[in-house]
Amino acid sequence: MASFARRHATLLVLSAVALAAALAVRITQGPAAVDDALGKAWPLLVAVLPAMLAGLLLAGSLKQIIPPGALAQWMGAESGWRGLFVACGAGLLTPGGPMAAFPLVLVLARAGADRGALICYIVSWGLNGLQRILVWEVPLLGADFAILRLLCGLPLGILAGLIARRLPIDWTPPPGTTDGPARAPKP
Amino acid sequence: MTGGQLLLLVLALGTFGVALWRGGEPAGKRALRDTGDSIARVLPIMLVAIPMASFLSQLIPPQLAADWLGPESGMTGVLVATAVGGFIPGGPFVSFPLVLTFIKAGAGAPQMVALITAWAVLGVHRVLTWELPILGARFAVIRLISGGAMPILAGAMAQALMPFFPHALPVMR
């Protein structure tokens with residue numbers, strides 16, 4: 001229920017901002033500018049839509065294949081560098097938005113994954129998720145830019161994980177709740 | 001269809017095939033149902049978000065982007081981009097069209113690398129809507145400290161790598 005409401009909140013907020021922005025464009029630049037902006041939105045949608053559908057199918061299928069238990073084992077407390085590299089790769093390959101990635105962190109943490117690996121995973125997912133790069137970055141900003149940014153992003157997840165292991169802040173995963181937003185991928 | 005899109009389609013169909021092969025018909029059905037759910041959730045958001053980004057970019061004075069985020073702005077521009085990126089709300093459907101707008105208005109590649117990194121690592125909206133409720137404040141603090149310097153690092157690295165990527169910008173679509 002909570003995540004359902006949250007999804008609709010996103011849509012409502014975006015609609016409100018879109019309407020406000022459209023109104024502001026109309027007031028400051030006239031109705032022609034509104035049409036102009038809408039005309040520019042269309043090719044963006046066409047550029048992104050086919051890849052997005054493929055990306056969502058990839059996400060849905062991956063969930064059926066990869067058990068989070070195996071990941072957590074590789075990212076365990078004593079996992080050292082290997083745990084960081086596994087986390088970095090898992091982040092790269094995790095498709096989908098925050099509604100999938102954050103609950104997965106919770107599942108991995110409860111299964112005993114190391115803190116540095118978890119931080120590495122979530123940073124690597126946010127920065128370097130391949131699905132997002134292929135769906136959005138390459139079509140809109142070009143392959144050269146996407147590769148440049150990926151090169152800059154790849155080491156950062158590992159670095160963040162190394163820093164996180166040294167921070168003197170305690171964290172234990174919140175205990176399970178029945179009404180939690182966690183919608184963990186099915187094993 | 002671009003090469004990247006084709007690659008993604010092949011990957012998706014291949015992964016779906018593996019799911020079918022390993023889990024049989026039930027796994028295939030679960031994968032398709034999950035995909036359908038995602039489409040139902042994401043499509044309405046996209047249909048609103050892309051025009052929204054387009055309207056917003058209409059409101060950004062081009063000169064502002066060129067002055068503050070241009071290739072000549074150097075590390076100051078990287079810092080400005082970090083601050084801007086941290087406050088861009090929403091998913092890639094908002095951030096990437098906005099970045100495209102900034103680029104067309106004359107922003108530099110290292111600055112845009114910093115901006116996307118800041119959006120991805122520091123994004124305030126994501127911390128508030130997902131990280132705090134699911135993982136708690138301490139996790140968010142650990143992650144923000146660990147990742148705080150990343151946008152600036154990424155911007156500096158991109159600046160250093162620029163000679164090897166002469167075609168990273170401009171993007172003309």
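Just so it is clear, none of the values below were taken in a lab; they were calculated from the coordinates. Bear in mind the structure is a predicted one, so any value in this text is a computation, not a measurement. Please note: Cβ atoms are built from the backbone with ideal geometry, for glycine as well, and neighbour counts cover all protein chains shown.
Across the range B:61-173, how large is the tail of the calculated P(r) beyond 24 Å, expressed as a percent of all Cα pairs?
25
For B:100-108, what's the mean count of beta carbons from other chains sitting within 10 Å of each residue's beta carbon?
Numbers: counts 6, 1, 0, 4, 0, 0, 0, 0, 0.
Mean partner-chain Cβ count within 10 Å for B:100-108: 1.
Based on Cβ point charges of +1 for Lys and Arg and -1 for Asp and Glu, what charge dipole magnitude is obtained for chain A about its Cα centre, in debye rounded to the nearest 20? Can you show the working numbers first?
Working: 14 positive and 8 negative charges, 59 e Å.
Charge dipole of chain A: 280 debye, to the nearest 20.
For the range A:1-156, compute Rh as the Kirkwood radius over C-alpha pairs and then the Stokes-Einstein diffusion coefficient at 20 °C and 1.002 mPa s; write the answer in µm²/s, rounded to an integer.
120
In whole Hz, what ³J(HN,Hα) sequence does the range B:129-134 give by Karplus (6.51, -1.76, 1.60; θ = phi - 60°), x for Gly and Pro?
Taking θ as phi minus 60°, the curve returns 8, 10, 6, 4, x, 8 Hz for the range B:129-134.
Sequence gap at least 6, Cα distance under 8 Å: using those rules, report the relative contact order of chain B to the nearest whole percent. All intermediate terms of the calculation are to be shown ahead of the outcome.
Details: 180 pairs, mean separation 36.4, N = 173.
Relative contact order comes out at 21 percent.
What residue among A:24, A:100, A:113 has the largest mean-square fluctuation in a Gaussian network model of chain A, using Cα springs under 10 Å?
Looking only at A:24, A:100, A:113, the largest GNM fluctuation is found for A:24.
Between B:152, B:134, B:50, which gets the highest mean-square fluctuation from a Gaussian network model of chain B, Cα cutoff 10 Å?
Sorting by GNM fluctuation, first place goes to B:134.
Could you work out how far helix B:150-161 tilts from the main Cα principal axis of chain B, as a 0 to 90 degree angle to the nearest 10?
Helix B:150-161 sits roughly 70 degrees off the main axis of chain B.
How about residue B:29: which aspartates and glutamates have a C-alpha closer than 15 Å to its C-alpha, ignoring those fewer than 8 places off in the same chain?
B:37
Enter the angle in degrees (range 0 to 90, nearest 10) between the Cα long axis of helix A:80-93 and the first principal axis of the Cα atoms of chain A, meaning the one along which they spread out most.
30
Summarise the partner chain shielding of A:112-119 as one whole number: the mean count of Cβ atoms from other chains within 10 Å of each residue's Cβ. Don't skip to the end; give the middle numbers.
Numbers: counts 0, 0, 0, 4, 2, 0, 4, 6.
For peptide A:112-119, the averaged partner shielding equals 2.
Other chains near A:122-130: what is the mean number of their Cβ atoms within 10 Å of each residue's Cβ?
Rounded to a whole number, the mean comes out at 5.
For helix A:115-128, what angle does its Cα long axis make with the longest principal axis of chain A, in degrees from 0 to 90 and rounded to 10?
Tilt relative to chain A: about 30 degrees.
Over 33 Å apart: what share of the alpha carbon pairs of the protein assembly as shown falls there, rounded to a whole percent?
Above the 33 Å cut-off, the protein assembly as shown has 26 percent of its Cα pairs.
Is there a quick way to get the dipole size of the protein assembly as shown? I mean about its Cα centre, with the Cβ of Lys and Arg at +1 and of Asp and Glu at -1; what is the value in debye to the nearest 20? Present the calculation step by step, with values, prior to reporting the outcome.
Details: 24 positive and 14 negative charges, 149 e Å.
In total the dipole reaches around 720 debye.
List the relative contact order of chain A as a percent without decimals, with contacts defined as Cα pairs under 8 Å and 6+ residues apart.
In percent, rounded to a whole number, it is 26.
Please order A:74, A:136, A:42 by the number of other Cβ within 10 Å, starting at the fewest.
A:42, A:74, A:136
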